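Have a look at the structure below, then the notes.
The values are calculated or read from the model by the stated rules, or taken from the named source; none is laboratory data. Since we're looking at a predicted model, the values are computed, not measured. Neighbour counts run over all protein chains shown; Cβ positions are idealised from the backbone, glycine included. Surface accessibility is based on the protein's heavy atoms, side chains included, excluding ligands, DNA and RNA. Shrake-Rupley method; radii C 1.70, N 1.55, O 1.52, S 1.80 Å.
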Amino acid sequence: MSVEERDPHTGYLTTGHEWNGIKELNTPVPRAVYFFLIATALFSLGYWILMPAWPFGSGYTKGVLGIDQRQIVSQSIVEAARDRATWTTRIQQASFADIQADPALMMVVRETGPRLFGDNCAACHGADARGNKGFPNLTTNSWLWGGSPEAIAETIRVGINSAHPDSRVSQMLAFGRDGMLQRPDIENVVAYVRSLSHADLATDKTVADRIAAGNTVFANNCASCHGPDGKGDPSVGAPNLTDAFWIYGGDEQTVFDTVWGGRQGHMPTWEDRLSEVDRKILTLYLVDQRMAQ
Ligand code: HEC
Ligand code: HEC
């Protein structure tokens, strides 16, 4: 047993251990360390009592404050749905004109429209709605079935040549394949149709005879749907043939193929796949995009 020895410089007792003349002082752990140790222990005790903490078997200690992160999340979901419900009801109930006149609702259209279009329509009509061969450009003023919001909404609802009972029915006849017109007549009417949108062709003397003959073929076979002046007819979905926009193409070979073999575009019905509100948003998104051109 060692004799208690006090270090003369610091006043501390030594532990009695000595290495090569160096003696170990018996310095106590500083008070501050004890303080923090006790404080953190008390804090965890308090936390265990107040907050959800210890798991056991099928549950966990819930804590006396009853705080539940899960409940907080579901509550904010409910609140978000309520926020959404206020504008969805307003969009559902308002007319197209009223929505267009309401900047707050149009902001919803501009925010939600691109996502809805990207998810549902872009595969066929292109991400920018400018269409692809066989899929019409939706950003022009050249509409098959009419460009009023009501007409566009109806097209989206029922589709074209779709399975919907009220589907819009679009039929460009196969004049050549079905033997309704002979090849020379088709070549003439193709020249006439192209002259409607190509100013240089209309004044080209070398094809003037074909165009004149084609004019007669057109009046007898095509005008009933495309109109006497070729500007189309939205009641049968017949496109305007006098402008720069083509679904399938305006070059000679493509127009010939169209008249020879016919065309029947398919646009799905969205009535069961998109809510009325989503269809309204898409309609106004298209109208809005076209007006921004
Ligand atoms: C499977 C391909 C496909 C998808 C997907 C599709 N469309 Fe179409 N859509 C077409 C085709 C093809 C036509 C043209 C039909 C025709 O030639 O008569 C068309 C025509 C239209 C028209 C009529 C254009 C006019 O000139 O009158 C509108 C409006 C339209 N689509 C909107 C939409 C919207 C909005 C969506 C997304 C909800 C969508 N489409 C998704 C293929 C598609
Ligand atoms: C029964 C009505 C009907 C008649 C008759 C008709 N068309 Fe069409 N035509 C349509 C419809 C509808 C379309 C659009 C087809 C589609 O995309 O589904 C179309 C499309 C076309 C197109 C394609 C336009 C484009 O943008 O690519 C051309 C070209 C055309 N018709 C020319 C003619 C000519 C020429 C005749 C006469 C020989 C004719 N059509 C007769 C209804 C008709």
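So which helices (runs of 4 or more DSSP H) stay within region 189-293 end to end and still have 1 or more residues that are farther than 26 Å from Q171 by Cα and at pLDDT below 95?
Output list reads 199-202, 208-221, 276-291.
Any residue that is surrounded by fewer than 16 Cβ atoms within 10 Å (Cβ to Cβ), under 20 Å from the mean Cα position of the chain (by Cα) and not assigned by TED's automatic domain parsing to the domain that holds V189 - is there at least one of those in region 146-164?
No, every residue in region 146-164 fails to be surrounded by fewer than 16 Cβ atoms within 10 Å (Cβ to Cβ), under 20 Å from the mean Cα position of the chain (by Cα) and not assigned by TED's automatic domain parsing to the domain that holds V189.
In region 125-142, how many are in contact (Cβ under 8 Å) with a residue 24 or more places away in the chain and either polar (S, T, N, Q) or open to solvent by 30 Å² or more (accessible area, probe 1.4 Å) (or both)?
Summing the residues that are in contact (Cβ under 8 Å) with a residue 24 or more places away in the chain and either polar (S, T, N, Q) or open to solvent by 30 Å² or more (accessible area, probe 1.4 Å) (or both) in region 125-142 gives 8.
With a cut-off of at least 1 residues that are within 23 Å of the chain's Cα centre (by Cα) and farther than 30 Å from H9 by Cβ, name the helices (runs of 4 or more DSSP H) lying wholly within region 20-111.
69-93, 96-100
For region 32-47, indicate whether the set of residues that are open to solvent by less than 50 Å² (accessible area, probe 1.4 Å) and not hydroxyl-bearing (S, T, Y) is non-empty.
Within region 32-47, one or more residues are open to solvent by less than 50 Å² (accessible area, probe 1.4 Å) and not hydroxyl-bearing (S, T, Y).
Which residues, counting only those in region 218-242, are near ligand 2 (Cβ under 9 Å from one of its atoms) and within 14 Å of L196 (Cα to Cα)?
Residues satisfying the conditions are F218, C222, A223, H226, G230, G232, P239, N240, L241.
In this structure, is P184 more than 16 Å from ligand 1 (Cβ to nearest atom), open to solvent by 30 Å² or more (accessible area, probe 1.4 Å), modelled with pLDDT of 95 or more and farther than 25 Å from K280 by Cβ?
yes
State which residue is most open to solvent (accessible area, probe 1.4 Å) when the search covers only region 231-245 and only residues that are on the phi < 0 side of the Ramachandran plot and within 11 Å of ligand 1 (Cβ to nearest atom).
Among those that are on the phi < 0 side of the Ramachandran plot and within 11 Å of ligand 1 (Cβ to nearest atom), it is F245.
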